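Derivation of every value follows stated rules applied to the coordinates shown; laboratory data play no part. Fair warning: this is a prediction, and the values are worked out from it, not measured in the lab. Heads up, the Cβs are rebuilt from the backbone with ideal geometry, glycines too, and the neighbour counts pull from every protein chain shown.
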Amino acid sequence: MARTRLAEGTVIDGFTIGRLLHTGGMALLWQVTHPDHALPLVMKVPRLAEGEDPAAIVSFEMEQMILPRLSGPHVPRFVASGGFDVQPYLVMERVPGASLLPDSEAAPLPPGRVAELGAMAAEALDSLHRQHVVHLDVKPANILLRDADSAVLVDFGLSHHTELPDLMGEEFRLPYGSAPYMAPEQVMGIRSEARSDVFALGAMLYMLATGRTPFGDPQRIGALRKRLWWDPPPPRELRPECPEWLQEVILRCLEVQPERRYPTAAQLAFDLRHPDQVALTARARKLRRDGWATTMRRRFHPDHQPRFGRSAGAVAGIAGAPIIVVAVDVTDQEGALGRALRSTLHNILATLPGARIACLNVLRHNLISLDSTLDSQGQNKHVQRLVELQHWAAPLKLPEGRITFHVLEAVSPAAAILDYARLNRVDHIVLGARTASFKRKMLGSVSGEVAAEAPCNVTVVRIRDQAET
Amino acid sequence: MRIAILSDIHANREAFEACLTDAARQGAQRFVLLGDLVGYGADPGWVLSRAQEMAAQGAVLIRGNHDEAAADVHNGMTANAAAAMDWTRSVLTEAERDFLHLLPMEVAEEDRLYVHADASAPTRWLYVRDAEEARRSLEGTTARVVISGHVHVPAIFGLTASAQLVIFRPVAEAPVPLTRPRRWLAVVGSVGQPRDGNPAAAWSLLETEAQTLTIHRVPYDIDAAAAKIRAAGLPEALAARLHHGL
């Protein structure tokens, strides 16, 4: 194979090589320009010299397969790729922002900032998982900030695409990934588990909250396996100022068994965006590592050792664990529509054990009095609505942690529900439609507007009008 | 170039027609019929004459074990297959049987090899079902990409730099890159008698510029194909299995 020696000024397929931006373990990153592309670009070139890790080639080929199949704001835009006959390369958008490395160096960060960065990273992961990809190398260096509220995942060289042959999986016996953040099942060679990314993100949140990684940086397989039985010190032991909800979130991500973690990155993002709604368990209150006997039991007792299933799959997980919004008109909650709405929700939940419900009510603002500060009556109204929502949902008998309650204040109920659905990556909205009434004629149909504009599924529950049957 | 690959048609006219319609809709410019035009199904004459028309227009035809058996002795066939084969021979003309007998065992095109079964010994009709069998097949040839059938269950095997093999079950309609310079072996599914639990007919589209292979699954009138098998007095199991794709 004839190889071009890359240097500033070299032209490959119309791309002019600029500055060398980064020298990584497996690849080099060059700034490049092209007359047809105004976008700032980078070219990634694998290290292929004799004696280099053969994983570099395969990892590069995987990224060449995966990146062109990805889209959306949470991945760098793919521009071009070149084969191995002359010079292998991959050209993509140069994401403007910095990575989270400076943040991790500045850690511990304030809890609010940890949650904000974590939510952005979780939302990016959710987008990736929905495109059939498990990243498998989530760490501060691979998360870039596109702007103040959106993150971009980079480096898909270790990733697994459920619809593509996995060359990394079979070729290398040793698990590849970044030791401080790698999930236990990934250490054991499983590459199809989307919740491995949730674990890695949890390890990163731990690091951002405490200033240290939960498992150090082990370099040998035996030391890597320690995370299957050894629990890291709870963040609040290291940082007493770490709030209980943040520790709850972090330790749930770091559960050894994937089934005990957040079922999806979207649900993790939801908790990080709503700290006051995080259901606290024993994880939140833990202040010490587990005792010696418990740890040894996990290490040596066959019944206490984790078992990992082979194929949960990135997509299957999301389909079984959606975020469902139910918009409840509490003024009519025990009427026929309130009961029909609850019964529909009950049927949906019966098939989706991982589903999580956000119960919404919209408190209408009067446009004119929008800027008036809430008086005591207004406050009471808000609390009263919350209580009513909880009362409506009680017959569903959902455990805390699967259901949350939110009163939104807005001029337009439909717009408020739609905004909420977009921000929280909601998969399904369930709401009732009033039968023809004077009120609907005057105000327009909320359900109609939501159904037309929603970014997800919408179920409209309607009571059959007896006069028309 | 968009190349449609159809294997193991097995005298199933309904499935064959459904796949050809779908391939035309997907813009196929060239056709490869990868063997086993006949056997099991009840329309050998129609399938064969359609294949001959396609060959006259430049399609590549490869010999399968059932094509060979139609003209010759049928060694090592199951009872049902042998019964169907006796019937098939009785309904084909001598010229048709000769045509099947003279089909090539393999055809090489650019860096690809089309062959019905194991490329290392095409006349032995060995199955390529797992990584070891795929290694045997790939090591028996110098082609970068081997495309074969015979198994009736789609699979794609990649031979990596360190000589490990990856088996991958392709997802229907999702293009799989057969990246250069890596070597690949693709076992395409069956048009006329799928056995992967999905009764829909399978055909594959190879796109040479992008170097991708996509398995397409097409629903077809299974009731009609099964009814003809029964009407011809062929074993009931050959009709029933079409509904289950097993």
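Observations
- Per-residue packing, averaged as other Cβ atoms within 10 Å, sorts the ranges B:143-149, A:414-420 into the order B:143-149, A:414-420, beginning with the highest.
- Each label point was placed 7 Å from the Cα along the Cα-to-Cβ direction; for residue B:57 and residue A:20 their separation is 5.6 nm.
- Note on B:179-185: average number of Cβ atoms from other chains within 10 Å of each residue's Cβ is 4.
- Cα-based shape type of the range A:101-300, given that a ≥ b ≥ c are square roots of the gyration tensor eigenvalues and the cut on a/c is 1.5: oblate
- Backbone geometry of the range B:128-143 corresponds, through the Karplus equation with coefficients 6.51, -1.76 and 1.60 at θ = phi - 60°, to 3J(HN,Hα) couplings of 10, 10, 9, 4, 5, 5, 5, 4, 4, 5, 5, 6, x, 9, 9, 4 Hz, x marking Gly and Pro.
- FRET efficiency, 1/(1 + (r/R0)^6) with R0 51 Å, evaluated for residue A:290 and residue A:150 via beta carbons: 0.85
- Reported to the nearest whole Å, the Cα centre-to-centre distance from the range A:9-47 to the range B:66-127 is 52.
- Fraction of antiparallel bridges per DSSP, the protein assembly as shown only, in percent to nearest 5: 60
- Between amide H atoms placed 1.01 Å from N, distances below 5 Å from residue B:77 occur with no residue 5 or more places distant or on a separate chain.
- Between the residues A:40, A:60, A:86, the greatest Cα displacement towards the positive end of the dipole of the range A:11-93, with unit charges on the Cβ of Lys, Arg, Asp and Glu, is found for A:40.
- Among A:397, A:44, a tally of other beta-carbon atoms within 10 Å of each Cβ gives an order, fewest to most, of A:397, A:44.
- Percent antiparallel among DSSP beta bridges (both partners in chain B, rounded to 5): 65
- Peptide A:81-94 - average C-beta neighbours from other chains (10 Å radius): 1
- Projected label distance in nm at residue B:243 and residue A:28, using a 7 Å step from Cα toward the beta-carbon: 6.5
- Nonlocal amide H pairs with residue B:220, under 5 Å, H built at 1.01 Å: B:201
- Theoretical FRET efficiency, 1/(1+(r/R0)^6), r = Cβ-Cβ of residue A:394 and residue A:305, R0 51 Å, to 0.05: 0.85
- Cβ neighbours within 10 Å from other chains - mean over A:61-71: 2
- Taking label points 7 Å from Cα along the Cα-to-Cβ direction, residue A:415 and residue B:102 give a separation of 7.8 nm.
- Ascending count of other beta-carbon atoms within 10 Å, so fewest first, for B:159, A:153: B:159, A:153
- The length gained on full extension between residue A:350 and residue A:257, counted as 0.36 nm times the residue separation minus their Cα-Cα distance, comes to 31.1 nm.
- Net lengthening on full extension, residue A:5/residue A:363 (0.36 nm per residue, minus Cα-Cα): 122.4 nm
- Between the C-alpha center of the range A:258-284 and that of the range A:57-99 there is a gap of 32 Å.
- When you count the other C-beta atoms within 10 angstrom of each residue and take the mean per peptide, A:337-344, A:237-244, A:320-327, B:89-96 line up highest first as A:320-327, A:337-344, A:237-244, B:89-96.
- For chain B, built as a Gaussian network whose Cα springs stay under 10 Å, the top-fluctuating residue of B:135, B:97, B:25: B:25
- Volume per residue of the C-alpha convex hull in chain B, rounded to whole Å³: 107
- Here is how the number arises for chain A: DSSP H runs of 4 or more residues each give -39500 (n - 2.57), the sum is divided by the residue count, and the result at 222 nm is -10500 deg cm²/dmol.
- Amide H contacts under 5 Å for residue A:94: A:41, A:42, restricted to partners 5 or more places along the chain or on a different chain, H placed in the peptide plane at 1.01 Å from N.
- Cut-off 15 Å between beta-carbons: net charge of the residues surrounding residue B:104, Lys and Arg +1, Asp and Glu -1: -4
- Over the range A:11-93: Kirkwood hydrodynamic radius from C-alpha pairwise inverse distances, Å: 13.2
- Scaling the Cα radius of gyration of the protein assembly as shown by the globular reference 2.2 N^0.38 Å produces a ratio of 1.13.
- Residues in the range B:104-120 reached by a label modelled at residue B:139 [backbone nitrogen below 20 Å; 7 Å Cα→Cβ]: B:113, B:117-120
- Mean Cα-pair separation over length for chain B, i.e. relative contact order, pairs under 8 Å, 6 or more apart, %: 23
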